[in-house]
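The values are calculated or read from the model by the stated rules, or taken from the named source; none is laboratory data. Quick caveat, the model's predicted, so the values are computed rather than measured. Every residue, glycine among them, receives a Cβ derived from its backbone with ideal geometry; neighbour counts consider all protein chains shown.
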Amino acid sequence: MVAVPSSLSSPTRHGRLIAVGAALALLAAPLVATPAHAETSRSIFAPTDRPATAAVSSGKTANIGVRFSTATSGVITAVKFYRGPRQTKAYVASIWSSKSKRLAKVTFRALTTVGWQTATLRKPVTVKSKTAYFVSYLATGGHYPVTKGAFSRSVSRDGITVAKSGGRYTVARTSKRPTHSTKTNYFVDVVFVPKSSTISATELQAAAAKRVFFGHHSVGWNVLEGVSSLYGAAGIAGPAQVQLSGHGDVISPAGGGVLAHAEAGENGNPDGKVDDFAAFLRGGVAGQVKVAVVKYCYVDIYDDSTVDATFAHYVAVMDGLHAEFPGITFIHATNPLEADSDGANRARYRFNQLVRAKYAGTGRLWDIAAIESTRPDGTRVTGSAFGEAMYAGYTSDGGHLNAAGSQVVASALLRLIAAS
C-alpha cells in the first residue's frame, strides 16, 4: 500500500476529528518565541570529545571543573562529566557564582561505566549572558581523566565560552568552588538552554529536507499542527506529512523531505506503542527514513503506573532498534503532562527523570515535559509535583496542546530533526 500525504482535516485525534476552522487558525498563527527548554540544549563539549589521559596518577581528592560564560541568558538544566575507568564512586557536582555562592548541586550515582554522564538538576539555574559561572565536582580519590593544554586558548561552542586557562582546581576534601586556574580540561560540562528565540528559517529548511518517521497518538496530532503552523507562518515549504496505516506502507514521495507518521499502538498502553513503532520500522519504514521518534501521551502514565518497568521496556526496544538500524537517528521524548493532575504528573516526573538521565547527554532528547511546564519567560510552573505541570497557556483542555503549545513543542522537535 502506498501512503499518501495527510491533510489537517482528515485524521482523528483521541477519537475526535480535527476541525477545519481550528486547522486554518493554526496556519494563520504567527511564528512564536520558544521558551527555555524548547531550544535544543547546548554544552561546552561534544558527545564525542574524549580525554587524552584516562586517569591521573594522583589519588588526592580535589574540586575540579571549568569557568564558563554564555553569549545569551538562559538556564542550566543539568551537569555532565566524563567518568574515567578508575572513577567508580558517587560524586557531587556543583554550579557556582563568581562570588563562590553555590547555586545548585547534584549527585552522580556510583557506576563503573566509562564515558559522559548527565545528572539533571532538581531546579534549573538561571544564568545571565556574559557572566562568569563555574561548574565542578568533588573528585573523591583522584584518578580523574584530563587533557592537558586544552585551554591554552579560549574555547567556544554553541554560544558557551571557556576563556584561556579556564580550567579550575582546588585540592580539598569537601565541595568548594575551585579557584586555581589551569590550561587542563577536566571534562566537566553543563546542559545549557538559551532563553526565548524564534526558530530560524535555516532550521526550518534543514528539517524540511529530512525523511522522518513519527509514531504518536492524540498529542502527536497537535505537534503535526504545530509543524504546519510554523512553516505556514514563515512562508517556507514544509515536508509532506504522510500518514501510514500499515506496517508495510510505501512512503510517497520516495525522495526528498517527508514527515511520515502513524498512530502507534493504543492510548493507555505505552509498551504496545513502542512495540508497534518498532513493527513499522521492521516492516519496511526503516529503509525509507533517516530519523525516527516515538512519543507517548499523557494518558500512558498515571500515578498507578509501573514506571520503572515501562522505562525498562522502552530502553530494551530502543536499544534493539539502535543496533538493528544504525543508519537511523533516533530521537527520545519525555512524557507529556497535564495541567491539573499532581499524582499522575509525579509518576510522569519519575519516568521523565529516567529518560533524561539516559538520553540528555546524547543531544537527541525532545523534552516535551520541560517545554510544557515552562512559561514563555523561562520560569517554571509552580504549585504542582516537582514543578512539572503543564502551563495553562499551552493547553486547550488541560492535556492537549493549543496553537501556542503546539508551536513550541513542534519547534523543539524540528530543531532536533534539523541537527540530525
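Please enumerate the residues belonging to the stretch 310-346 that are of a type in the set (Ser, Thr, Tyr), part of a loop (DSSP other than H, G, I, E, B) and in contact with a strand residue (DSSP E or B) (Cβ under 9 Å, 6 or more places away or on another chain). Across the stretch 310-346, the qualifying residue is only Thr334.
This table checks each residue for (1) surrounded by 22 or more Cβ atoms within 10 Å (Cβ to Cβ); (2) outside the structural domain of Lys290 (by TED's automatic domain parsing).
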residue: Arg168; (1), (2): yes, yes
residue: Thr202; (1), (2): no, no
residue: Ala206; (1), (2): no, no
residue: Gly215; (1), (2): yes, no
residue: Ser218; (1), (2): no, no
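Looking only at the stretch 372-386, decide whether some residue is within 28 Å of Tyr82 (Cα to Cα) and in contact with a strand residue (DSSP E or B) (Cβ under 9 Å, 6 or more places away or on another chain). Spell out how you get there, then give the answer.
Taking the stretch 372-386 and keeping what is within 28 Å of Tyr82 (Cα to Cα), we get 386.
Going one step further and asking which of them are in contact with a strand residue (DSSP E or B) (Cβ under 9 Å, 6 or more places away or on another chain), we end up with 386.
Yes - at least one qualifying residue is present in the stretch 372-386.
Could you go through the stretch 171-182 and let me know if any residue there is outside any strand (DSSP E or B), touching a Phe, Trp or Tyr at 6+ places or on another chain (Cβ under 6 Å) and closer than 30 Å to Val291 by Cβ. No, every residue in the stretch 171-182 fails to be outside any strand (DSSP E or B), touching a Phe, Trp or Tyr at 6+ places or on another chain (Cβ under 6 Å) and closer than 30 Å to Val291 by Cβ. Only one entry in Val212, Val193 is in contact with an Asp or Glu (Cβ under 7 Å, 6 or more places away or on another chain) and hydrophobic (A, V, I, L, M, F, W, C), namely Val193. Selection of strands (runs of 3 or more DSSP E) fully inside the stretch 61-118 by the criterion of at least 1 residues being at pLDDT below 95 and buried (at least 20 other Cβ atoms within 10 Å of the Cβ) returns 62-70, 74-83.
Taking the conditions (1) surrounded by 17 or more Cβ atoms within 10 Å (Cβ to Cβ); (2) among the β-branched types (Val, Ile, Thr); (3) part of a loop (DSSP other than H, G, I, E, B); (4) at pLDDT 95 or above in turn, Thr131 satisfies each one other than (1).
Residue by residue, here is whether (1) within 20 Å of Gly405 (Cα to Cα); (2) not polar (S, T, N, Q) holds:
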residue: Tyr302; (1), (2): no, yes
residue: Pro336; (1), (2): yes, yes
residue: Arg356; (1), (2): no, yes
residue: Thr362; (1), (2): no, no
residue: Trp366; (1), (2): yes, yes
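Out of everything in the stretch 179-204 that is among the polar types (S, T, N, Q) and modelled with pLDDT of 90 or more, what residue ends up being farthest from Ala419 (Cα to Cα)? If we take residues in the stretch 179-204 being among the polar types (S, T, N, Q) and modelled with pLDDT of 90 or more, then Thr179 is farthest from Ala419 (Cα to Cα).
Checked against (1) in contact (Cβ under 8 Å) with a residue 60 or more places away in the chain; (2) under 26 Å from Ala206 (Cα atoms); (3) crowded, with 18+ Cβ neighbours inside 10 Å, Ser252 meets all criteria but (3).
Scan the stretch 134-154 for residues that are assigned to a strand (DSSP E or B) and either of a type outside the set (A, V, I, L, M) or more than 24 Å from Lys99 (Cβ to Cβ) (or both) and the total you get is 5. Would you check which residues across the stretch 271-290 are in contact with a strand residue (DSSP E or B) (Cβ under 9 Å, 6 or more places away or on another chain), part of a helix (DSSP H, G or I) and closer than 16 Å to Ile251 by Cα and list them? Within the stretch 271-290, Phe277, Phe280, Leu281, Val285, Ala286, Gln288 qualify.
When the stretch 134-166 is examined, which residues are found to be small (Gly, Ala, Ser) and crowded, with 17+ Cβ neighbours inside 10 Å?
Ser136, Ala139, Gly142, Ala150, Gly166
Find the residue count for the stretch 361-406, including only residues that are modelled with pLDDT under 85 and either outside the structural domain of Tyr231 (by TED's automatic domain parsing) or under 25 Å from Ser420 (Cα atoms) (or both). Before the answer, list the steps.
Here is the first cut: in the stretch 361-406, the residues modelled with pLDDT under 85 are 361, 374-388.
After this cut, where a residue has to be either outside the structural domain of Tyr231 (by TED's automatic domain parsing) or under 25 Å from Ser420 (Cα atoms) (or both) as well, the list is 361, 374.
Selection size over the stretch 361-406: 2.
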